[in-house]
Every structure is written in structure tokens, then in C-alpha cells.
Amino acid sequence: GPMPKISTYGTVTPSPSDLIVVSDANDSNATKNITVGSLSSATAPTYYIDAYSNTAATTTISSAGTYVDLNVALSTGLSDGYSASNNLVTNTNTPQTTLLSQVTVAMTLSTGNNNVVTTLLSNNGVDIVASTQDSTAPGAGDDFILTMTCITNLLYNQALKVRIKNSAATDVICKHVNFVVHSI
């Protein structure tokens with residue numbers, strides 16, 4: 001006989017392993033099962049920002065081997081759910097949720113010959129050790145690229161920033177930075 005109306009079935013709080021019946025549009029609308037867990041990840045909104053600066057800025061390094069905040073004024077390219085201001089990228093998404101965020105920062109830097117510059121990301125004042133990256137300056141004033149990446153949970157209204165140190169008490173110039181964050 002005909003299938004009963006869906007409204008006559010009992011309700012349950014879904015778990016990620018529960019199954020849902022769908023018509024697979026990529027297989028002649030064949031009836032198939034999917035899990036609740038796959039549906040939530042497939043339909044979750046994605047938030048992103050491409051923050052950048054193409055204006056050279058000097059970060060003062062007054063003490064060798066001590067982290068300081070990267071002196072940079074970020075501009076906002078494409079964005080949704082994150083904002084950029086000064087040297088910070090902030091989670092500003094509506095509905096004000098924590099965003100599991102993949103972060104990649106690429107910088108063009110210069111400093112003293114053979115200085116070792118180390119950077120890491122800071123999440124609301126807590127250093128993300130997994131993001132740590134370093135590079136040796138090829139020559140005094142010569143450009144070099146330093147890139148770092150990590151995944152972090154960013155709570156609503158919390159901010160990410162770059163922190164930098166040098167093996168010598170020599171200032172670091174950041175000529176370009178691309179600060180890309182997206183939710184995963």
C-alpha cells in the first residue's frame with residue numbers, strides 16, 4: 001500500500017550516524033541513504049577573509065629573540081564572517097558562532113643579513129605554537145618570503161594576529177602580507 005504520511009512518524013534528536021533518504025541527482029535520482037553528519041558538513045556556511053597590506057611597514061625589534069606584534073595595517077579584500085582592522089583578523093560572523101578556521105599568512109620581509117626571523121599566529125593573546133615558522137634573511141635589505149599556516153578555533157569576537165621575532169635586535173620591514181582565513 002501507499003507509504004504513511006511522514007508527519008505520522010515519531011521524532012528523534014538526530015545523531016551524526018542517523019540515515020536520511022535522498023534522491024541522488026548525480027545518479028538518475030536513485031534513492032540512497034546519507035548520514036546526518038555528512039549533511040551538516042556539506043551544508044554548513046563557509047566564512048572567509050582575504051586581508052592584506054601592500055604598504056611597507058617597519059616592526060621595531062628592540063630585543064633579540066623576543067616576540068612582538070607585527071606592525072601592519074590590514075585592508076579587507078573579499079570577506080564574510082571575519083573582519084580586519086589594524087593587525088587583527090576578527091571572527092564577526094552572524095549567528096556569533098565559534099569558527100574552526102584554517103589560516104594562511106604569506107609575508108614579504110626584509111631585515112639584516114643572515115638574521116633568522118620567526119613568526120607565529122596568536123589567537124586572542126594565546127600563541128599558536130603549531131603555526132611557528134622561520135626563515136633566514138638572504139642579505140641585508142633583501143626580500144624573502146615567510147609563510148605560515150594552521151587550523152584554530154576562533155570564538156566569536158576573538159582575533160588572530162601575527163607575532164614576530166628576530167635573532168638580532170634589527171627591525172623587520174614587512175612589504176606585503178596576505179592573511180587568508182576561512183572556516184572549515
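The values are calculated or read from the model by the stated rules, or taken from the named source; none is laboratory data. The shown structure was predicted, so the numbers you read here are calculated from the model rather than taken from an experiment. Backbone-built Cβ (ideal geometry, glycine too); neighbour counts: all protein chains shown. Surface accessibility is based on the protein's heavy atoms, side chains included, excluding ligands, DNA and RNA. Shrake-Rupley method; radii C 1.70, N 1.55, O 1.52, S 1.80 Å.
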Q | Relative contact order, percent, region 1-125 [alpha-carbon distance under 8 Å, six or more residues apart] | A | 14
Q. Do any trypsin sites (Lys or Arg not before Pro) in region 90-184 lie in a DSSP loop with no more than 15 other beta carbon atoms within 10 Å, and if so, which?
A. none
Q. Can you give the extra length, in nm with one decimal, that the chain gains between Asp143 and Ser79 once fully stretched, where that is 0.36 nm per residue apart less the Cα-Cα distance?
A. 20.2 nm
**Q.** the chain, helix-only ellipticity at 222 nm - DSSP H runs n ≥ 4, -39,500 (n - 2.57), divided by all residues, nearest 500
**A.** -1000 deg cm²/dmol
**Q.** Per residue solvent-accessible surface (Å²) - region 86-184, probe of 1.4 Å
**A.** 43
Q: Leaving ligands, DNA and RNA out of it, rank Ile151, Ile34, Ile6, Ile61 by accessible area with a 1.4 Å probe, largest first.
A: Ile6, Ile151, Ile34, Ile61
(Q) How big is the dipole moment of the chain about its Cα centre under a simple scheme where the beta carbon of each Lys and Arg is +1, that of each Asp and Glu is -1, and everything else is neutral? Debye, nearest 20, please. (A) 280
(Q) Less than 12 Å apart at the alpha-carbon level, and either on another chain or at least 8 residues along: which aspartates and glutamates does that give for Lys161? (A) Asp69, Asp127
Q) So, with a 1.4 angstrom probe, what is the percent of accessible area on the chain that is carbon and sulfur? A) 53
Q: Starting from the Cα of Lys165, draw a straight line to each of the lysines and keep only those under 28 Å, dropping any in the same chain fewer than 8 residues away.
A: Lys175
Q.
Two decimals, Cα atoms only, Kirkwood Rh: what is Rg/Rh over region 1-82?
A. 1.35
Q: Answer with a single label: of [x] 10, 42, 39, 9, 0; [y] 10, 36, 34, 16, 4, 0; [z] 9, 30, 23, 15, 11, 8, 4, 1, 0, which was calculated as P(r) over Cα pairs in 10 Å bins from 0, in percent from the structure in view?
A: [z]
Q: May I ask you to rank Val172, Val12 by accessible area, largest first, using a 1.4 Å probe over the protein chains only?
A: Val12, Val172
Q: Treat each spin label as a single point 7 Å out from the Cα along the C-beta direction, and report the Val21 to Ile6 distance in nm.
A: 1.0
Q. In the full protein assembly as shown, how much of Ser63 is accessible to a 1.4 Å probe, in Å² to the nearest 10?
A. 60
